[in-house]
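First up is the structure itself, then whatever we jot down about it.
The values are calculated or read from the model by the stated rules, or taken from the named source; none is laboratory data. Quantities reported herein were computed from a predicted structural model and do not represent experimental measurements. Counting neighbours? That spans all protein chains shown, and the Cβs are built from the backbone with ideal geometry, glycine included. We work out accessible area using only protein heavy atoms, side chains counted, and drop any ligands, DNA or RNA first. Shrake-Rupley method; radii C 1.70, N 1.55, O 1.52, S 1.80 Å.
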Amino acid sequence: YLGQLIDLLQLRFDMALLGALAGPKVLGVYTVASKFAELVQLPGLALNYVLYPDFARDDRAQATRRTRRMILPALGVSAVAALPLTLIAGTALPWVFGDVFDDAVVPTYIRLAGVVTFGVTGLIMAYLYGVGRPGAASAGQAIGLVVVVLTGVWLIPLYEAEGAAIATAVSFVATTLALLAWFRVLSKRG
C-alpha cells in the first residue's frame, strides 16, 4: 500500500506544484497533456497485473529468467504504444480541445519520453511483488518521488508546464532505473 501511495504522489505532485506556482490555466493545459501521455501506462499496468501472480507461482530462478528475457520486449511494447500518440499529439490535442490547448503539445511530448519506461516498470514491479519484495518496489518508487519533488521545485518556477513535464519524465526514468537496480541485486542473490 505504501508503494501505491508513493506512486500516486509521484504521478500527481507535479500537478499540485504547478497549480500552486503557475495557476489554474497552466494546470488545466498540463492536465490534458498528462492524461494523454499516460495512455502509454496501460501496457505496463497490464504486464504488472498479469505477471505478478505468475511470478509468485514460479520459483525465484524461473521468475528471474523470465523477467530478464522480457525487459527489452516490455520496453518495446511501451515504445510502440507511445508512437501513435507521439504522431497525433500535435494535431489531436488542439483539434479535440481547441486552440487554447496548443500549449499542451510540448509537455505531452516530454511526458511521453518518460512514460515510455512504464512497460519495464510494470514488469519489474510484478517481479518484485512476485518474489516477495514489495518493499524494494516501494523503494524504487520513492526514488522517483524524490526526483519529481526536487526537479519540480527547481524547474516549474522557471518553465511552468514544460518544467513539470521534464520533472515527471525524469522521475519516471529514475523509478525504472531504481527498479532495475533492485532487480539486478535480487537476481544475483537468488
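For the reader, a short list of remarks on this structure follows.
- Some residue of the range 57-71 being under 19 Å from the mean Cα position of the chain (by Cα), open to solvent by 80 Å² or more (accessible area, probe 1.4 Å) and at pLDDT below 95: no
- Test for Leu42: is it part of a helix (DSSP H, G or I), open to solvent by 30 Å² or more (accessible area, probe 1.4 Å), within 30 Å of Tyr129 (Cα to Cα) and not basic (Lys, Arg): yes
- Check on Pro53, under 22 Å from the mean Cα position of the chain (by Cα), part of a helix (DSSP H, G or I), without any contact (Cβ under 8 Å) to a residue 40 or more places away in the chain and surrounded by fewer than 19 Cβ atoms within 10 Å (Cβ to Cβ): no
- Candidates are the residues of the range 20-39 that are among the hydrophobic types (A, V, I, L, M, F, W, C) and under 12 Å from the mean Cα position of the chain (by Cα); the one that is least open to solvent (accessible area, probe 1.4 Å) is Ala37.
- Look at (1) buried (at least 21 other Cβ atoms within 10 Å of the Cβ); (2) farther than 19 Å from Ala33 by Cα and you find that Val146 fails only one, number (1).
- Only one entry of Tyr109, Tyr129 meets the criterion of being part of a helix (DSSP H, G or I), open to solvent by 40 Å² or more (accessible area, probe 1.4 Å) and under 18 Å from Leu45 (Cβ atoms), and that entry is Tyr129.
- Close pairs (7 angstrom Cβ cut-off, 6 or more residues apart or separate chains): polar (S, T, N, Q) in the range 81-106, assigned to a helix (DSSP H, G or I) anywhere: Thr86/Tyr109; Thr86/Leu112
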